[in-house]
Every structure is written in structure tokens, then in C-alpha cells.
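**Q** Please see the structure below; I have some questions.
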Amino acid sequence: MNIKKHIPNTITCLNLISGCIATYWAFRGDYQSALLFIVIGAVFDFFDGMSARLLHVSSPIGKELDSLADDITFGFAPAAMVFSLLSSFHIHLTFVPFLAFVIAAFSALRLAKFNLDERQALGFIGLPTPANALFWGALVTSLNFQTWFEPYQLPDFWLYIILALIPVSCYLLVSEIPMFALKFKTWGWRGNEVKYGFLITCIPLLLLLGTIGLSAVIAWYVVLSVIVWLRG
């Protein structure tokens, strides 16, 4: 029995399990734990691909399993967090919180497109699902941990901001906007100016803003990618 060929798929399953646990905590309203397991899932997601390349055991089933795991961890789990937060508002229209699950649907569509798109070897076309999940996870967690009001006392304007951000993030997931990847062929500054510039500017955002700084980092990533794309 060749054990090494099962290692990447095992790591992928750990990603999927992390997403399931994150979803559990999301429905319980423990957003900090939910975000933690999304981050843990992202770590497993990074290492499953790396292990497959190092062991030379990549397979079609691994690719499909990876997409399924990613939609749980980076699609359904953040959608569950948004659903729980929206449910905390006093809304007369009971269907409104369920709009959050559109995020999971568009995440699945983005992952399906990624599997068929051969243009994304060195970069991305559209917002990667892990980035979208981290944006929502950090935003929801930060709103829940504001010290001057309880989650159910969030000002109503946050309801409208969240509802406006849902279609924006869904559009970005399936858009044709090229977005850079943090992959380095060489470690020199030349040719990596955008990547190093992005990493350097992320540091003060995270230090000054804390958890919500992660959402700011993802937003800055999108803006910077659009600027690079328009400058062409």
C-alpha cells in the first residue's frame, strides 16, 4: 500500500473537517472560533497542494476533493457566519438572513471555474475563495466583538452595508479581474514590486486595526489588483 499517495487527500479532508467545525461555531454565534477554524482550514489547504507537488502524487480525485473541501471551509462556513449575524438584527422580512448563502453558491461557482481555467497558473482570475472567506470571517468577528454594543444592538446601517457587500463579493468571486498571487519565482525586488509592496502595507493594517485589519487587507488586495490590471 502506497501511503504517501493518500497524504494530500488526508490533509484536504482535514481542511473539510475544519470547515465543518467552523460552520458549527458560526451557527452557535461563536464567530471567533469560527474564524479560527477557517484559518486552520486555510493552512491545511496550503499544505495539501504543497504535499501533492513534493510527493508527485497529484490526482484528478484530489483536485475534485479539494474543491469540495474549499466550498465548505471558504464558502459555506463564512456564509453561515453572515447568516448568524444577519439573524441578530430585528428584521421583519425573515428571508433576509438566507441571502448570506448566496456567498456559498458563488464560491462553488468560482471553484468550478478555477478547475477548468488554465489561465490561473501564476495568478488568479477573480477573488480567491480563501480571501473572500477571510474577509467575511474577520468582518463578522470584529462586529461581534465591539465593546460598546452587543451583537443584537448593531446599528441598522450595518445591515445595509452587509447586504450591499454580499453581491459585491459574489461578483468579485466570478469576475474576470486578474488578481496577483503571492508566488515568487525569484526573491529579488525587481518584478516583485507589487507583491512586496502589498506585504509591507499589510503590516500596519493588521497592527493598527486588529481582526478587522484582515478584512482591510483583503479589500486592499482587491483594490491593488484592480489598479495593476487597469495600468495594464
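The values are calculated or read from the model by the stated rules, or taken from the named source; none is laboratory data. Please read all numbers here as calculations on a predicted model, not as lab measurements. Cβ coordinates were reconstructed from backbone atoms using ideal geometry, including for glycine residues, and neighbour counts include every protein chain displayed. The area values use the complete protein model at the heavy-atom level, side chains included, leaving out ligands, DNA and RNA. Shrake-Rupley method; radii C 1.70, N 1.55, O 1.52, S 1.80 Å.
**Q** Checking residue 196 against (1) without any contact (Cβ under 8 Å) to a residue 60 or more places away in the chain; (2) farther than 23 Å from residue 46 by Cβ; (3) of a type outside the set (A, V, I, L, M, F, W, C), which single condition isn't satisfied?
**A** Every condition holds for residue 196 apart from (2).
**Q** Among the residues of the range 51-66, write down those that are polar (S, T, N, Q) and crowded, with 17+ Cβ neighbours inside 10 Å. I'd like the intermediate steps shown before the answer.
**A** The first filter runs over the range 51-66 and keeps only residues polar (S, T, N, Q), leaving 51, 58-59.
Listed by number, the list holds a single entry, 51.
Rundown of residues vs (1) closer than 19 Å to residue 138 by Cβ; (2) of a type in the set (A, V, I, L, M, F, W, C); (3) modelled with pLDDT of 95 or more, yes/no style:
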residue: 22; (1), (2), (3): yes, yes, yes
residue: 45; (1), (2), (3): yes, no, no
residue: 56; (1), (2), (3): no, no, no
residue: 78; (1), (2), (3): yes, no, yes
residue: 89; (1), (2), (3): no, yes, no
residue: 102; (1), (2), (3): no, yes, yes
residue: 105; (1), (2), (3): no, yes, yes
residue: 111; (1), (2), (3): no, yes, no
residue: 120; (1), (2), (3): no, no, no
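**Q** Still on this structure, please answer the following. Assuming residue 109 fulfils every condition listed in (1) among the aliphatic types (A, V, I, L, M); (2) within 16 Å of the chain's Cα centre (by Cα); (3) in a loop (DSSP other than H, G, I, E, B) apart from one, which condition is it?
**A** (3)
**Q** Residues 12, 23: which one is assigned to a helix (DSSP H, G or I) and more than 24 Å from residue 61 (Cα to Cα)?
**A** When all the criteria are applied, what remains is 23.
**Q** Taking the criterion of being in contact with a Ser or Thr (Cβ under 7 Å, 6 or more places away or on another chain) and either of a type outside the set (Ser, Thr, Tyr) or open to solvent by less than 50 Å² (accessible area, probe 1.4 Å) (or both), would at least one residue in the range 216-228 satisfy it?
**A** Filtering the range 216-228 down to residues in contact with a Ser or Thr (Cβ under 7 Å, 6 or more places away or on another chain) leaves 220.
From what is left, the residues that are either of a type outside the set (Ser, Thr, Tyr) or open to solvent by less than 50 Å² (accessible area, probe 1.4 Å) (or both) are 220.
Taking every residue of the range 216-228 in turn, at least one turns out to be in contact with a Ser or Thr (Cβ under 7 Å, 6 or more places away or on another chain) and either of a type outside the set (Ser, Thr, Tyr) or open to solvent by less than 50 Å² (accessible area, probe 1.4 Å) (or both).
**Q** Here is a list: 114, 83, 106. Which entry is aromatic (Phe, Trp, Tyr), open to solvent by 20 Å² or more (accessible area, probe 1.4 Å) and more than 21 Å from residue 26 (Cα to Cα)? Please lay out each step first, then the result.
**A** Numbers: 83 fails: more than 21 Å from residue 26 (Cα to Cα); 106 fails: more than 21 Å from residue 26 (Cα to Cα).
Exactly one of 114, 83, 106 is aromatic (Phe, Trp, Tyr), open to solvent by 20 Å² or more (accessible area, probe 1.4 Å) and more than 21 Å from residue 26 (Cα to Cα), namely 114.
**Q** Can you name the number of the only condition in (1) part of a helix (DSSP H, G or I); (2) open to solvent by 40 Å² or more (accessible area, probe 1.4 Å); (3) touching a helix residue (DSSP H, G or I) at 6+ places or on another chain (Cβ under 8 Å); (4) not small (Gly, Ala, Ser) that residue 91 fails?
**A** (1)
Let's see how each residue does on (1) open to solvent by less than 80 Å² (accessible area, probe 1.4 Å); (2) closer than 24 Å to residue 109 by Cα; (3) under 19 Å from the mean Cα position of the chain (by Cα); (4) not polar (S, T, N, Q):
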{"site": "163", "(1), (2), (3), (4)": "yes, yes, yes, yes"}
{"site": "176", "(1), (2), (3), (4)": "no, yes, yes, yes"}
{"site": "185", "(1), (2), (3), (4)": "no, no, no, yes"}
{"site": "188", "(1), (2), (3), (4)": "yes, no, no, yes"}
{"site": "192", "(1), (2), (3), (4)": "yes, no, no, no"}
{"site": "196", "(1), (2), (3), (4)": "yes, no, no, yes"}
{"site": "200", "(1), (2), (3), (4)": "no, no, no, yes"}
{"site": "207", "(1), (2), (3), (4)": "no, no, no, yes"}
{"site": "212", "(1), (2), (3), (4)": "yes, no, yes, yes"}
